[in-house]
Amino acid sequence: MGLGANEWLTVFVPVFVVATIMFFIFVWARKRHPKIYEPRTAKELIGFEIASPVSPSGCLAWLYPLLSTSLEVVATRAGVDAAAYLVFIRNTALALATLLLLNCATLIPVYGSAEWGLEEFDSVSLANVESGSGRLWVPAGVSWLGAAAVYYFAYTAVQRVVAMKRQAERTVTSPHQLSVLVTNVPEASRDATAIQKFFEESFAGKVLHVQTLRAHPAEYAKSLGKYQSAWAALKHSEAVAEQQPDKGPPMTKEKCCGKKVEAIPWYTQKCTEHRADVQRMRDSYEKLPVLPYAFVTFNSLTAAREAPERMAQKGWTVIPAPEPRDIVWSNLLQCRTPGAQLKRSVAVCLVVSIIIIFFIIPVGMCQTLVNLEDMAEKLKLDFILDNKGAFWISLLQGLMPTILLAVLNALVIPVFMFLAYLSGVERISDIERLTMKFAYFFLMF
């Protein structure tokens, strides 16, 4: 027998009461703590940060302004991440509503008129259908339609979020963003003078500076990394020596022979050596091959805003210059060729595919903990089967599968982000976009 009406009420009434109490706490606190519930009603950068209107007072008066606000307005006022969250909520609600309509319109009449004649909620469930009945084709078809609906809403959500993120990347959002990045400079125009002359034709007197980019050798990134590591170790050793003068000078080990030496003189010498290597490569910058990229800095914010659209009409791809915080400098300094970048991307996609396909194996191993008693009998572990171990084996069987599965799922996103970084993309926003795609395929398959 399944759950009856009384059992269902016992479950849902407490949930409804708790939700109602939380709702009225929100209504009470909304106007009393605007810094928490309405933080975007005041903005500092006028002209760049658009303030949200103050929501009306009243128990339900805020609902209509909230529901009538478009996603584009949310992305402008609160950021793309907030709009992406609303897209996820909306499409999830639409997917669940579609499944509800399909179930109510098809499954309930089919189950309710079946052969077994069960009572209460069982009368409209699959248990009321006889095994081998032709009616079972109906839930099979509904499952296919429901899966198609879920795939559709998930795909449209991802597409909408990607479109909003790309639009945000093309929008000037800071009064200090006066530079743009040209990504397809023709080979005949790859010098600062030619690029400035080309831009002056559309923005006379507005071009302040042009900086071309050149391909640094791979040794430059290695030398720079060694210098940064040595400099950080030197500062750490100096801080230790200052805080603990009674313990003598800090010591370190040479990597070549493991001999202990004084840390501060040794790291100072390493900083000098690595700094000389870095400076030598910087001095030869003008001799390096020129890349088809250039930064153009204007003296007018209006020109920086208009440059992407106006240059596109002339066949040049121009985007707002990325923020330094959005650049993955360790990947950018590698200066990989398109072929090398493609190989890394393909290798990362293969690794992600293997994780998605074989993720069922660790999940299945988590489920083996449910049968610890059978495993103990096969392995003849009598100390687990005695009365003293009964409590612990019950605890493990009840909690460990859930905990381990939660840990595995929690590791998925960090692993995908690390793989996206290894793919060689040069912007953090691209890492986030790749991680979103990997997570989408992981959830779908």
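Can you give the percent of C-alpha pairs in region 312-352 whose distance is more than 14 Å? Before the final figure, lay out each step's value.
On the way: 559 of 820 pairs.
It works out to 68 percent of all Cα pairs.
Checking the a/c ratio against 1.5 first, then a/b against b/c, what shape does the Cα gyration tensor give for region 216-269? Could the numbers behind the result be given before it?
Working: a/c = 4.26, a/b = 1.85, b/c = 2.31.
Oblate.
Sorted by mean Cβ packing within 10 Å, highest first, what order do the peptides 428-440, 400-412 take?
With the highest mean Cβ count within 10 Å placed first, the list reads 428-440, 400-412.
As a test question: what accessible area, to the nearest 10 Å², does F12 have when a 1.4 Å probe is rolled over all protein chains in place?
Rounded to the nearest 10, that gives 110 Å².
Among the listed pairs K226/K253; K165/K343; K314/K437; K235/K255; K222/K255, which have their C-alpha atoms separated by more than 22 angstrom in this model? Don't jump to the answer; show the numbers that get you there.
Values: K226/K253 16 Å; K165/K343 26 Å; K314/K437 33 Å; K235/K255 19 Å; K222/K255 17 Å.
Violating the 22 Å limit, Cα to Cα: K165/K343; K314/K437.
Can you give me the orientation-averaged projected area of the convex hull built on the Cα atoms of region 133-225, in nm²?
Computed as one quarter of the Cα hull surface, the answer is 13.4 nm².
Taking only the alpha-carbon positions of region 276-352 and ignoring solvent, what does the Debye formula give for the base-10 log of I(q)/I(0) at q = 0.15, 0.17, 0.24 Å⁻¹?
Those come out to -0.87, -1.02, -1.19, one per q.
When all C-alpha to C-alpha distances in region 261-316 are sorted into bins of 5 Å, what percent of pairs does each bin hold, rounded to whole numbers?
Reading the bins upward from 0: 4, 14, 11, 12, 9, 9, 11, 9, 8, 6, 4, 3, 0.
Would you mind classifying region 175-332 by shape? Square roots of the alpha carbon gyration tensor eigenvalues, ordered a ≥ b ≥ c; an a/c under 1.5 is rounded, otherwise it is prolate if a/b is larger than b/c and oblate if not.
Since a/c reaches 1.5 and a/b is larger than b/c, the shape of region 175-332 is classed as prolate.
The values are calculated or read from the model by the stated rules, or taken from the named source; none is laboratory data. In this text the structure is predicted, and so the values were computed from the model without any measurement. No Cβ is skipped: glycine too gets one built from the backbone with ideal geometry, and neighbour counts run over all protein chains shown. Ligands, DNA and RNA are excluded from the accessible area calculation, which covers all protein heavy atoms including side chains. Shrake-Rupley method; radii C 1.70, N 1.55, O 1.52, S 1.80 Å.
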